[in-house]
Structures are given as structure tokens and as C-alpha cells.
Amino acid sequence: MYWGKITPKTQSDVAELNRSGVVYDLPEPAMMLASATHILSKLLGFTASADSQTAVLGDGSPIPLMSYSLVEYLLGLDLSNFDVLEIGAGSSTSFWAKLTKSILSLETNAGWAETVRKTAASNSDVRATTEANIARDMLDLKRSFDIIVIDPAANRYRCALSALKMLNPGGFIVLDNSDWYPNTSKLLREADLIEVDFHDFRPNHHFRCTTSLYLHRDFRAKPKSDRLPLSPIGGKNVAPQNTWDRPNG
């Protein structure tokens, strides 16, 4: 199929173009919008997520209900030796389990914790807690973590206070919906963590949201492969032919 501007001159031209499957007389802005819609709907899995009321990429793999740009960044990192504390379980639990060494999830909804536990990977530990006790229960674990994900149905500021006492050097904290929690974001930023904001669409939301990373000063991103960043989903990979990127080009 051809995407572009073709202006038929007669009705027979129109009929012939329709028979051939050629897309014709499509203005450039509409063509670009159609391509962007395809990437979001199909490749990033927006439609599949909405249909199934889950969070998945286009290939069906589970992802957190967070900004697509953050998800793609994380997929490019080697986090295989990282231990995760997740505050708020879900499809994200499976995502983190595949990327990291271990994940311990605290969930304020006991029924949902049990649902997630039934399909959790062997390196996952899903525990129920309560909205009132979650920040204290974090500290009662009496251990530290390389990644702490703050995404509970609870006071995120109090969770962040606990997280700051539990973060290993070289790790990072994830705050979901950080644009809704400016006080919590300020707390983490002023704890001398490096804030990186990922503004994007996410599964099952019709508006753009923000998920933020707060990196310890010793954090060093290690690529999972021989390159970082990865070519984005729906992107145009010109790296192999890019002579301007060659040391002797």
C-alpha cells in the first residue's frame, strides 16, 4: 500500500485506485496523524490494553500502567542484579520480575494482592498491607533496595519518606503520576536525587501523564545490549547507515 498524495482526475481513476489498494489524495498532516495513531494503537498496545483492561505492549508483554517513554527506557537497561520494592502491585509486578533479580510488592488491597500473587513469578513476593500502615510496613522490612516504585492507593508523600531511608547507593526511585504529587516530587528532588520526568501517554488513559525517576548520584545506566537508547517502538532505525555517527565517518 502506498501512502501519499495522488489526485485522481476522473471517476474511473478513482475506481482504479480503489481496486489497486492505493491510498490517494491524503494530505500530509493526515498521513502523519494516521502513522502516529498506528504506532500508539497497535505497536505500543494502546488498543489491546483498552480491550483487555490490562497494560500490555503491542506484542502482548505486560508493562506498568506508566508512561510509555519510561517503559522503553527501562527496557534498554540491564537491571538483572537489582532488587525492587514495589509499593502498589499489578501488571507492573510481572514487568519488574522479568527485568530484575527480585521484587517485593506491598499492596493495600488484600484481594488484589491475592490475584497478583497467583500469577507472580518465582522471584516475586506479594504481600498485603493497609493504606494506614504501608509507610511503616516499608521500614519494618529492615532492608534496602536498588529500585523503589511508589504507586500505591495511599499517601505517596509518606511512602517517599520511607523510601529515602531504604534506597541503595546507585539505585533509583520511581514516582508514578508525579505531576499530581508536586510535594512528593519536591521531597525526593531535594534529597539530592536527580529527577528525570517522562511525559507521555500510557495504557488505558486518554490524556498524557508523567512518571518520574529520582536517581541516586551514583547511578550509572548499563545498557542491556550494545546500544542505548534503543530504537523506539515505531521509530526509524537509521543507526546502521548513519555515517555521521561513525568515529571515522
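Could you sort 114-126, 85-97, 215-227, 161-173 so that the peptide with the highest average Cβ count within 10 Å comes first and the rest follow in order?
Result, highest mean Cβ count within 10 Å first: 85-97, 161-173, 114-126, 215-227.
In terms of the Cα gyration tensor, with a ≥ b ≥ c the square roots of its eigenvalues, is the stretch 165-249 rounded because a/c is under 1.5, prolate because a/b exceeds b/c, or oblate?
The shape class here is oblate.
Once you keep just the Cα pairs under 8 angstrom separated by 6 or more residues, what percentage relative contact order results for the chain?
With pairs under 8 Å counted, the relative contact order is 17 percent.
What's the magnitude of the charge dipole for the stretch 117-163 around its Cα centre, counting Lys and Arg as +1 and Asp and Glu as -1 at the beta-carbon? Answer in Debye, nearest 20.
With Lys and Arg at +1 and Asp and Glu at -1, about 80 debye.
Cα-based count: Lys pairs in the stretch 54-215 below 20 Å, eight or more positions apart or different chains?
5
With charges set only on the Cβ (+1 for Lys and Arg, -1 for Asp and Glu), what does the dipole of the stretch 149-249 come to about its Cα centre, in debye to the nearest 20?
Value, rounded to 20: 180 debye.
Run the helix sum for the chain: -39,500 (n - 2.57) per DSSP H stretch of 4+ residues, divided by residue count, reported at 222 nm to the nearest 500 deg cm²/dmol.
It comes out at -8500 deg cm²/dmol, rounded to the nearest 500.
Can you find, among 84, 210, 29, the residue farthest towards the positive end of the dipole of the chain? Put +1 on the C-beta of Lys and Arg, -1 on that of Asp and Glu.
Farthest towards the positive end: 84.
What's the magnitude of the charge dipole for the chain around its Cα centre, counting Lys and Arg as +1 and Asp and Glu as -1 at the beta-carbon? Answer in Debye, nearest 20.
Its charge dipole is roughly 300 debye.
State the three equivalent ellipsoid semi-axes of the chain, derived from the C-alpha gyration tensor as the square roots of 5 times its eigenvalues, in descending order and whole Å.
In descending order the semi-axes read 41, 22, 16 Å.
Tell me which lysines have Cα within less than 20 Å of residue 42's Cα, excluding those fewer than 8 residues away on the same chain?
Filter leaves 236.
So if I take the centroid of the Cα atoms in the stretch 29-51 and the same for the stretch 87-154, what is the distance between those two points in Å?
Taking the Cα centre of the stretch 87-154 as reference, the centre of the stretch 29-51 is 31 Å away.
Once you list every other residue whose beta carbon is under 15 Å from the beta carbon of residue 158, what net charge do they have if Lys and Arg are +1 and Asp and Glu are -1?
With Lys, Arg at +1 and Asp, Glu at -1, the net is 0.
Among DSSP beta bridges whose residues both lie in the chain, state the antiparallel percentage, nearest 5.
40 percent
No lab work stands behind these numbers, since they all come straight from the coordinates. Fair warning: this is a prediction, and the values are worked out from it, not measured in the lab. Glycine gets a Cβ as well: all are built from the backbone with ideal geometry, and neighbour counts include every protein chain shown.
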